[in-house]
1. With a 1.4 Å probe and every protein chain left in place, tell me how much accessible area R224 has, in Å² to the nearest 10.
2. Could you go through segment 308-313 in sequence order and give the Karplus-derived ³J(HN,Hα) for each residue, using 6.51 cos²θ - 1.76 cosθ + 1.60 with θ = phi - 60°, rounded to whole Hz, and x for Gly and Pro?
3. Quick check: at a probe of 1.4 Å, how many percent of the accessible area of segment 36-110 sits on carbon and sulfur atoms?
4. Compute the Cα gyration tensor for segment 1-109, then decide on rounded, prolate or oblate, letting a ≥ b ≥ c be the square roots of its eigenvalues: rounded whenever a/c is under 1.5, prolate when a/b is larger than b/c in the other cases, and oblate in all that remain.
5. Can you give me the % of accessible surface on segment 293-333 that is carbon or sulfur? Probe 1.4 Å, all protein chains present, nothing else counted.
6. When the expected Rg is taken as 2.2 N^0.38 Å, what fraction or multiple of it is the alpha-carbon Rg of segment 261-338?
7. For segment 241-334, what is the charge dipole size about the Cα centre, in debye to the nearest 20, if Lys and Arg each add +1 at the Cβ and Asp and Glu each add -1 at the Cβ?
8. Before I look further, what does the chain give for accessible area per residue, probe 1.4 Å, in whole square angstrom?
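The values are calculated or read from the model by the stated rules, or taken from the named source; none is laboratory data. A quick note: this is a predicted structure, and the numbers were derived from the prediction, not measured. Please note: Cβ atoms are built from the backbone with ideal geometry, for glycine as well, and neighbour counts cover all protein chains shown. We work out accessible area using only protein heavy atoms, side chains counted, and drop any ligands, DNA or RNA first. Shrake-Rupley method; radii C 1.70, N 1.55, O 1.52, S 1.80 Å.
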Amino acid sequence: MPDTSHISKSIFRDRNFVLFLIGQCITTQGLWIQKIAMSWLAWTLTGSAFWTGLIAALNFAPAFLLGPIFGVMADRVDLRRTAVVLNLMMTATAFLLMGLSIAGQINLFWMLVLAGVNGVLGSAMTPIRLSLVPVIVPREFMSRALTYAAMNFNISRLVGPAVGSVVIATWGTGAAFMINALTYIPMIFVLATVRIHVERAPDAKSRRVFAALVDGANYAIHHRVIRSVLALSCFVALVGTGMVELLPVFAEAVYDRGVTGLGMLASASGVGAVASAFMLSRVKSDPAHFQRISIIGAFAAGCGMVGLGFAPWYELAVVLVAVTGFGLTAVGVGSQTALQLTVDNKLRGRVMSFWSATTFGGIALGGTMLGAISEVGKIQYTARGSGVLILCAAITGLWRLRRIGAMDVKPATETSN
């Protein structure tokens, strides 16, 4: 029986969590404003679904290649200091994008280079960020802290693109990059002031980097829940979230709605994501429950994407993108929370880096692959195929869940196969 003694307490009475949530809220707004600016700039510079997908992919590809290494480092560095340094570096990158854009010097080369730099910094920051939550909030609030943080991130998906599209249409992409740069400052202040529970921080300094990486990989491969969750989240990211990276193509080439239409589609995805995150915040703190939610989300995302491939009207497409966003968020947040509630704390950075590597690597590869396929045929056909594949993955995940009896799995340190 899970401990329910904390239910009467509110997580929002915890100063650490409130500060962290506010800082994350401001920073993620900027991230989504910059994301839509880079996607729109890539499309307007090239008019190519392939280049738009590739530039979006470069924001995630380094996570696949370098994420596990950064995960090992997350288990042995000072989390606070490293997070501050990474935020400062991302601030500098955003200011560089701003300067190039305002000066009219931005081109495809700079877009590729800076998207890659952002991808490296983001892949380093992800395991640090995922390791920070458990050492900032009390143990009994961890699952709620994770889901509220996810809800905050997805509210940013709703507000950020809408604000970004207005900023771009009114003042240009340079202003959007400047706003993102400024939003890192509050988070740096928060990181410098919140209390870190050092006794709960992972410590793998006694192991060599390669040996520590192998330990984490063996643990993930031989743990049946972690293995299943990673497989589903990776596949859905590959053929689902990678498809969402091509929303600029739908907005302009399919529905002829321009940057404001892109903002509406992106915000619709955010509406679905917020609804999904709210649902997840009500789920009992048990990894098996979150694993089931991930599978349900895959069904929803698959149905939304198949429908998007057939949608003849823009208004219907907005609704279907919201359904897709709901499902993709359920997969992403559900799988992340299932892992956080399952993983051994001393291996947390490494295992969560495998999640970010498979998820963001899937987005990177999927965005590039699906963009290339859409260059050859209609993007609607690509959406239909992606949706069918996600539905197949959901059916497989449900079958496997029942087969291995994951509904009865115990959290924490189980490692049986």
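1. 50 Å²
2. With the stated coefficients, segment 308-313 comes to 4, x, 10, 5, x, 10 Hz.
3. 73 percent
4. Prolate, since a/c reaches 1.5 and a/b exceeds b/c.
5. Carbon plus sulfur share of accessible area: 87 percent.
6. Its radius of gyration relative to the 2.2 N^0.38 Å reference: 1.11.
7. In debye, rounded to 20, segment 241-334 gives about 380.
8. It amounts to 40 Å² per residue over the chain.
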